[in-house]
Amino acid sequence: MTVTSAERPPLDETVLSAISPDLVPGVSVEVVEQAASTNALVVERARAGAPEGLVVVTEHQTAGRGRLDRSWETPARSALTFSVLLRPTAPTRSWPWLPLLTGYAVDKALKAAGFDAGVKWPNDVLIDDRKVAGILVERIETEQGPCAVVGIGINVGLTADELPVPTATSLSIEAGDRGAPDRTALLVDVLASLREAYDTWQAGGDLAGMRLAESYADACVTVGRDVRVDLPDGSVLAGMATAIDPSGHLVVDGPSGRVAVGAGDVVHVRAAG
């Protein structure tokens, strides 16, 4: 069964316009009816000098982009599709943590909403091993300095026949009779969770880094599994994913010993078999 956009309520712009400072400090939300890519819109705003905390959310994204330039489109009002502008002051060497902490923040918000979610390293969010949310982080150079555009897409109200691939799911499907959460409330919760994780990461220090790595590892369904890691040169790293190191790398124990791989160094990570 396909649900029409008329049966899917729009985002509550009144609530979202008042999101800062009462609900999520330092955030301002702009809602657009349709966009090819919210990341592309925020990149434009960033280069024009927009401040940190800008959020652009669309009711209908028509040409979304993921890792490796994969693209997709979801029915209007069936998903939460938005991008956040961040201007980190943390050292550049720690920026690889951004996609991981974003995935952790989404996972935390979904758990709070009653879903048995988990993070697949580095940043997909799963429910029962099926993808419910994806994340794309882009580093952009601007006159004000480098910034990060964090794109997040969460399948909220998609029906089974609207899913892009068989390995995906939606909150509506997983919620069953209790129904999918309200998209406006969920957006506020995800932004609050992201703000908390981002501020902790920005504060820096070894202790904060260790806590973030431990929290992420606890939420990561990849750790503790046999995995197959496809590398850009065509080779494959196979073994047990045993940990997330302080740099956010996935640690794999394989036939040749222990290897740590970064998110930018892999094509795919899959459960073995």
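Remarks
- Qualifying residue in region 245-268 (condition: among the polar types (S, T, N, Q), surrounded by 13 or more Cβ atoms within 10 Å (Cβ to Cβ) and assigned to a loop (DSSP other than H, G, I, E, B)): yes
- Residue count for region 181-197, restricted to those that are touching a Gly at 6+ places or on another chain (Cβ under 9 Å) and either farther than 30 Å from E214 by Cα or surrounded by 21 or more Cβ atoms within 10 Å (Cβ to Cβ) (or both): 2
- Each residue in region 7-37 was checked for being in contact (Cβ under 8 Å) with a residue 12 or more places away in the chain and within 24 Å of E196 (Cα to Cα), and 17 pass.
- Any chance A241 is touching a Ser or Thr at 6+ places or on another chain (Cβ under 6 Å) and surrounded by 20 or more Cβ atoms within 10 Å (Cβ to Cβ): yes
- Highlighted here are the helices (runs of 4 or more DSSP H) found entirely within region 126-220 that include at least 3 residues which are in contact with a helix residue (DSSP H, G or I) (Cβ under 9 Å, 6 or more places away or on another chain) and either hydroxyl-bearing (S, T, Y) or in the same structural domain as S78 (by TED's automatic domain parsing) (or both): 183-203, 206-219.
- Inter-residue pairs, beta-carbon under 6 Å, first among the polar types (S, T, N, Q) and in region 203-230, second surrounded by 12 or more Cβ atoms within 10 Å (Cβ to Cβ) and not in a loop (DSSP other than H, G, I, E, B), 6+ apart: T222/K120; T222/A241
- So V125, is it under 16 Å from the mean Cα position of the chain (by Cα) and farther than 22 Å from G248 by Cα: no
- Residues being within 18 Å of the chain's Cα centre (by Cα) and either modelled with pLDDT of 95 or more or small (G, A, S) (or both) - total across region 50-65: 11
- Contact map, region 38-49: first residue surrounded by fewer than 18 Cβ atoms within 10 Å (Cβ to Cβ) and at pLDDT 95 or above, second residue of a type in the set (S, T, Y) and not in a loop (DSSP other than H, G, I, E, B), Cβ cut-off under 8 Å, separation 6 or more or different chains; pairs are R47/T142; G49/T142.
- Cβ-Cβ under 6 Å pairs, at least 6 apart or on other chains, region 238-263 side under 12 Å from A213 (Cβ atoms), far side polar (S, T, N, Q): V251/T242
- For E138, the stated conditions hold: it is among the acidic types (D, E) and under 19 Å from L54 (Cβ atoms).
The values are calculated or read from the model by the stated rules, or taken from the named source; none is laboratory data. All values derive from a computational prediction rather than experimental measurement. Cβ: placed from backbone, ideal geometry, glycine included. Neighbour counts: every protein chain shown.
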